[in-house]
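Mind looking over this structure? Questions follow.
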Amino acid sequence: MKKVGKIMLLGKRNFLVDSGKQINTEFGLIDLTKVKKYGQVVRTTTGEKFIAAEPTIKDLLSKCKRIPQIVTAKDAAQILAVTGLQAGWNCLDLGGGSGFLTIFLANYAQPGSVVTYEKDKKNAENIGNNVKFCDLKNVTVKNKPAEKFTEKDLDIITTDYVNAEKNVKKFFAALKPGGWLVMYSPQIEQHQKSRKEINKMNFDYVKTIETVQREWKVDPRGFTHPIHTQLVHTGFMTFARKKM
Ligand SMILES: C[S@@+](CC[C@H](N)C(=O)[O-])C[C@H]1O[C@@H](n2cnc3c(N)ncnc32)[C@H](O)[C@@H]1O
């Protein structure tokens, strides 16, 4: 049986909590020392029911501290969908920021690993804290400029920093044949520059995409429509796969 660590309490409201504690909520006191396995039902002192679920990486990331703007789930998910990233991959994430993409990749690459470079000390420390909070052991955070990376034989390199296009030749050399380069930027101008550099190297499957996700309000009375205000633009991604 899986040892109970952090718990995602699902009920009238959701709480991410540590096992072995008691917490006060607007529904009464919840005694988590009684949770012996995930999936168990727990009741508050007023009788309100909660399920003690195992947190997913999405639950954990929702509580991580953000400093710079993150790569959102809809874009991170495209990286898995397009590249087929899988268990055992060696990944390099340049411009670690808040560590959201690093953590997302590390979760799916286990027992492979992710090395991330972040030049800002405060951001690098925050990435380390977020990785610890998500209980991942396969991440190395380097508080250094991305341009100085030394990793080789990589399955994937992801970039999210200004001027990343200037390093495309080095990215090509560090990838395994068949490895993927994924360059993220909110500005299309950076992708135009990246595509120019990518075209000089022996890459295949070169594509620049934007993923648009619209949530809909589904009303039982029949007034169903897209939610009026929501996040429209996050960023573009350029994908390229190394040939030989
Ligand atoms: C937009 S954030 C990245 C967000 C990250 N992808 C995430 O999901 O949390 C860009 C980060 O790149 C860092 N950065 C900018 N230039 C860099 C460089 N040359 N080397 C390393 N980090 C750099 C910035 O300090 C910033 O933290």
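Every number in this text was worked out from the coordinates using simple rules, so none of it is lab data. What you are looking at is a predicted structure, and each value in this text was computed from that prediction instead of being measured. Here Cβ is always computed from backbone atoms with ideal geometry, including for glycine, and neighbour counts include all displayed protein chains.
Going by average Cβ density within 10 Å per residue, which order do the peptides 131-142, 108-119 take, highest to lowest?
Highest mean packing first, the order is 108-119, 131-142.
Another question, if that's okay. Taking only the C-alpha atoms, wrap a convex hull around the stretch 28-102 and report its volume per residue in Å³ as a whole number.
Values: hull volume 11.6 nm³, N = 75.
Spread over its residues, the Cα hull of the stretch 28-102 gives 155 Å³ apiece.
Would you mind checking the tilt of helix 73-83 against the longest principal axis of the Cα atoms of the chain, expressed as 0 to 90 degrees and rounded to 10?
50 degrees
Treat each spin label as a single point 7 Å out from the Cα along the C-beta direction, and report the L231 to D204 distance in nm.
3.4 nm
Need the C-alpha centroid separation for the stretch 73-127 versus the stretch 172-227, integer Å.
16 Å
Defining a contact as two alpha carbons under 8 Å apart and six or more residues distant in sequence, what relative contact order in percent does the chain show?
Relative contact order, the chain: 13 percent.
Looking at the chain, send over the antiparallel percent of its DSSP beta bridges, to the nearest 5.
60 percent
Dividing the convex hull volume of the alpha carbon atoms of the stretch 123-189 by its residue count, what do you get in Å³ per residue?
On the way: hull volume 7.8 nm³, N = 67.
Convex hull of Cα atoms, per residue: 116 Å³.
Dividing the convex hull volume of the Cα atoms of the stretch 6-55 by its residue count, what figure in Å³ per residue is obtained?
59 Å³
How big is the dipole moment of the chain about its Cα centre under a simple scheme where the beta carbon of each Lys and Arg is +1, that of each Asp and Glu is -1, and everything else is neutral? Debye, nearest 20, please.
300 debye
Oh, and also: When we measure straight from the Cα of K148, which lysines land under 23 angstrom away, once same-chain ones fewer than 8 places off are left out?
Partners within reach: K119, K121, K122, K166, K169, K170, K176, K193, K196, K200, K242.
I've got another one for you. Hey, any idea what the orientation-averaged projected area of the convex hull of the chain's Cα atoms comes to, in nm²? If you can, show how the numbers build up before the last one.
Details: hull surface 64.3 nm².
Mean shadow area of the hull around the Cα atoms is 16.1 nm².
If you don't mind, another one. Dividing the alpha-carbon Rg of the stretch 194-244 by 2.2 N^0.38 Å yields what? Don't jump to the answer; show the numbers that get you there.
Details: Rg = 18.5 Å, N = 51, 2.2 N^0.38 = 9.8 Å.
Computed over Cα atoms of the stretch 194-244, the ratio equals 1.89.
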